[in-house]
Amino acid sequence: MKNTQYGVAWQDSYRLGDDKVDEQHRQIFELLSGLISSCLDGSNEEQVKKTLDFLVNYTVQHFYDEESLQVRYNYPDYRAHKQLHEDFKATVVEIVQKFEEEGSSAKLSNDLNKVVARWLVSHVTLEDKKIGDFIRDMDRRRLPYANRPA
């Protein structure tokens, strides 16, 4: 586990089992932690904006990839999971608007930590874990009996 000052550390226990999605999750955790730190330490507003924009775009791409994985495996809770992503994107848009109106601040950092970081950890550990469990179960069913792991 990578240690971070602001409590947004990736842990291997968050892994779903899909290398691409897991790497994206890890990157999102690192980006968010850096963004929270930048808001608190008074980093250049332009740099905070670039990082915030990158995080937003990266998250949108990640959601697309994660949803594609769900479709590929015919994940039964796909629609509900997609709605969680849509709701989160709307929340992030509100935070970006606050940043554009008020700039970087301890309040923005608090909002990122309280809202975004908590959502991210909760979503990955609860909702995304269900996807990983489902995929592993599907893959086990597809293996011939003799080749199944013990």
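A few comments on the model shown:
- Residue pairs whose Cβ atoms lie under 7 Å apart, separated by 6 or more positions or on different chains, with the first residue in region 74-88 and closer than 17 Å to Gly132 by Cα and the second aromatic (Phe, Trp, Tyr) and part of a helix (DSSP H, G or I), are Tyr75/Phe134; His85/Phe63.
- Just one of (1) modelled with pLDDT under 85; (2) surrounded by 13 or more Cβ atoms within 10 Å (Cβ to Cβ); (3) of a type outside the set (D, E, K, R) fails for Asn147. It is (2).
- Any hit, region 97-111, residues being exposed (fewer than 15 other Cβ atoms within 10 Å of the Cβ), at pLDDT 85 or above, within 26 Å of Leu16 (Cβ to Cβ) and not acidic (Asp, Glu): no
- For region 130-144, a residue qualifies if it is under 13 Å from Asn74 (Cβ atoms), at pLDDT 90 or above and either not β-branched (Val, Ile, Thr) or not in a helix (DSSP H, G or I) (or both), and the qualifying residues are Phe134, Asp137.
- Among the residues of region 8-67, the ones that are of a type in the set (A, V, I, L, M, F, W, C), closer than 27 Å to Asp137 by Cα and touching a Leu at 6+ places or on another chain (Cβ under 9 Å) come to 4 in all.
- Residue match in region 68-78 (condition: among the basic types (Lys, Arg), assigned to a helix (DSSP H, G or I), under 25 Å from Arg140 (Cβ atoms) and at pLDDT below 95): yes
- Exclusive hit being more than 21 Å from Ala9 (Cα to Cα), out of contact with any Asp or Glu (no Cβ under 7 Å at 6 or more places or on another chain) and either touching a residue at least 12 places away in the same chain (Cβ under 8 Å) or surrounded by 13 or more Cβ atoms within 10 Å (Cβ to Cβ) (or both), set Glu67, Glu127: Glu67
- Screening Leu16 against (1) within 21 Å of Lys89 (Cβ to Cβ); (2) assigned to a helix (DSSP H, G or I) leaves a single unmet condition, (2).
The values are calculated or read from the model by the stated rules, or taken from the named source; none is laboratory data. The structure displayed is predicted, hence computed values, not measured ones. Cβ atoms come from the backbone with ideal geometry, glycine included; neighbour counts cover every protein chain shown.
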